[in-house]
Amino acid sequence: MTGNCIGIDIGTANITAYVEGKGIVFSRPSAVACDAHTGKILALGEDAFAMTGRAPASIRVVRPFADGVVSDIGITVAMLNDFVEKVCRMSVLKPNIIASVPGEITSLEKKAILDVLAASGAAKVCIMEQPFAAAIGADIPFSKPYGTMIIDIGAGTVDIAVVSMNSIAAVKTIRFASESFTNDIIRYLRRERDIDVGFLTAEYIKKTIGGAVIRNEEIALVAKGRNVVTGSPINFEITSTEVYWAIKEHVDMILTAVKEVFSKISPELSADIFESGIVLTGKGSLLYGMDAFLESSTGIQVRIAKEPWLCVAKGLGKSIQNKRKLKNTGYEFRYYDEF
């Protein structure tokens, strides 16, 4: 016998959980801190993420699900085991788990995900492409022969998909996303300013003054770093224009991928998208000016979905609520050995 159904959006930055009958129960960092010598798990979630850049050499902080794929199976299983125990602590039955995966995934990557879900205590498993789940979560009507484009900008991947008739008509996954912008800022400061900053500082800079377009009024902030030449800690000022140029290459690559998807679809679907517009989901869609950049570059209206960082998890949840529709769209819960 099986217990409740659980939807898991396993992202590079966060893991978000939907539980049947309860809704979204939590979203926490996909981070694990472990002993560098023994591999023993020391902390998970927020506690582990807070150690980023601050942990001693004896502690390793791991992001076990990097760029949309499992980078460390053992640690990923430990992270999901902890999650399953928390949400199923009152149940003696194993849950059915539906998890999100990138729009484009290899058979080897798919097997790794299924292995992790099975090892985490799932009775039956199901996997769904992130852009498809995001489209459901964003309430995009796509049951009819009419195309809509969705761009899901996560921390580790960007999925660009055209959905129509309850399926994906075309999809492109690029293995970088908003965390690449953060790393761009780190590299820029070291290359141009001889300043070293940690990931958390660069992430703060990105969220506070970063942008996909140059702001009409430039803003700046003061941050802390280390002078590469002297090794001394310093305070430095960085402007929004500097950050724009630091991340511009990766922002432009998203536009290139969008154009590639348009080249794959029929003129009829292209016409539909020009009429229906483009929908942005994922936390990376909140980068200042991302919607304006894509709209001005494509000439197509672009809107950001409500609570874009939760769209994938919401889509998994809605699929759980309507299992008949889930099965009719080609997805269903199966035992591991049935894949």
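Could you please find all residues in segment 171-181 being open to solvent by 10 Å² or more (accessible area, probe 1.4 Å) and small (G, A, S)?
The answer is S178, S180.
Please identify the pairs in which a residue from segment 29-41 that is farther than 10 Å from S58 by Cβ has its Cβ atom under 8 Å from the Cβ atom of a residue that is assigned to a loop (DSSP other than H, G, I, E, B) and open to solvent by less than 20 Å² (accessible area, probe 1.4 Å), counting only partners at least 6 apart or on another chain.
These pairs meet every condition: P29/G45; S30/G11; S30/T12; S30/P64; A31/G45; V32/P64.
Can you tell me how many residues in segment 253-274 are out of contact with any helix residue (DSSP H, G or I) (no Cβ under 7 Å at 6 or more places or on another chain) and open to solvent by less than 50 Å² (accessible area, probe 1.4 Å)?
Going through segment 253-274 one residue at a time, the tally reaches 8.
Here is a yes/no grid of residues against (1) modelled with pLDDT of 85 or more; (2) surrounded by 17 or more Cβ atoms within 10 Å (Cβ to Cβ):
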{"residue": "A33", "(1), (2)": "yes, yes"}
{"residue": "A36", "(1), (2)": "yes, no"}
{"residue": "L44", "(1), (2)": "yes, yes"}
{"residue": "F49", "(1), (2)": "yes, yes"}
{"residue": "G53", "(1), (2)": "yes, no"}
{"residue": "V62", "(1), (2)": "yes, yes"}
{"residue": "F65", "(1), (2)": "no, yes"}
{"residue": "G68", "(1), (2)": "no, yes"}
{"residue": "V87", "(1), (2)": "no, yes"}
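Return the residues of segment 225-244 that are within 18 Å of I186 (Cβ to Cβ), open to solvent by 60 Å² or more (accessible area, probe 1.4 Å) and free of Cβ contacts under 8 Å to residues at least 24 places away in the same chain; say none if nothing qualifies.
Hits for segment 225-244 are P233, N235, E237.
Taking G156 as the residue in question, decide whether it is on the phi > 0 side of the Ramachandran plot, touching a helix residue (DSSP H, G or I) at 6+ places or on another chain (Cβ under 9 Å) and of a type outside the set (K, R).
No.
Quick one: K306 ticks every box in (1) part of a loop (DSSP other than H, G, I, E, B); (2) within 18 Å of the chain's Cα centre (by Cα); (3) surrounded by 17 or more Cβ atoms within 10 Å (Cβ to Cβ); (4) not small (G, A, S) except a single one, so which number is it?
The number of the failed condition is (3).
From the list A212, A177, which one is closer than 13 Å to L287 by Cα, aliphatic (A, V, I, L, M) and at pLDDT below 95?
A177 is the lone residue from the list that is closer than 13 Å to L287 by Cα, aliphatic (A, V, I, L, M) and at pLDDT below 95.
If the Cβ limit is 9 Å and pairs must be 6+ apart or interchain, which residue in segment 160-177 that is within 13 Å of I150 (Cβ to Cβ) pairs with which residue that is among the basic types (K, R) and open to solvent by 10 Å² or more (accessible area, probe 1.4 Å)?
Pairs that qualify, where the first residue is within 13 Å of I150 (Cβ to Cβ) and the partner is among the basic types (K, R) and open to solvent by 10 Å² or more (accessible area, probe 1.4 Å), are I160/K172; A161/K172; V162/K264; S164/K144; A169/K264; A170/K264; V171/K264; K172/K264.
Got at least one residue in segment 14-24 being small (G, A, S) and open to solvent by 50 Å² or more (accessible area, probe 1.4 Å)?
yes
Table: residues versus (1) open to solvent by less than 20 Å² (accessible area, probe 1.4 Å); (2) out of contact with any Phe, Trp or Tyr (no Cβ under 8 Å at 6 or more places or on another chain); (3) not aromatic (F, W, Y).
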| position | (1), (2), (3) |
| --- | --- |
| I97 | yes, yes, yes |
| V101 | yes, yes, yes |
| T106 | no, yes, yes |
| I113 | yes, yes, yes |
| A118 | no, no, yes |
| G121 | no, yes, yes |
| K124 | no, no, yes |
| Q130 | yes, yes, yes |
| I136 | no, yes, yes |
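Can you tell me which residue is farthest from N227 (Cα to Cα) among those in segment 154-170 that are surrounded by fewer than 24 Cβ atoms within 10 Å (Cβ to Cβ) and among the hydrophobic types (A, V, I, L, M, F, W, C)?
M165
Got a number for residues in segment 284-298 being open to solvent by 60 Å² or more (accessible area, probe 1.4 Å) and either outside any helix (DSSP H, G or I) or modelled with pLDDT under 95 (or both)?
1
The values are calculated or read from the model by the stated rules, or taken from the named source; none is laboratory data. These figures come from a predicted structure and were not determined experimentally. FYI the Cβ positions are ideal-geometry reconstructions off the backbone, even for glycines, and counts take in every protein chain you see. The protein model used for the area step is the full one, side chains on, heavy atoms only, and it has no ligands, DNA or RNA in it. Shrake-Rupley method; radii C 1.70, N 1.55, O 1.52, S 1.80 Å.
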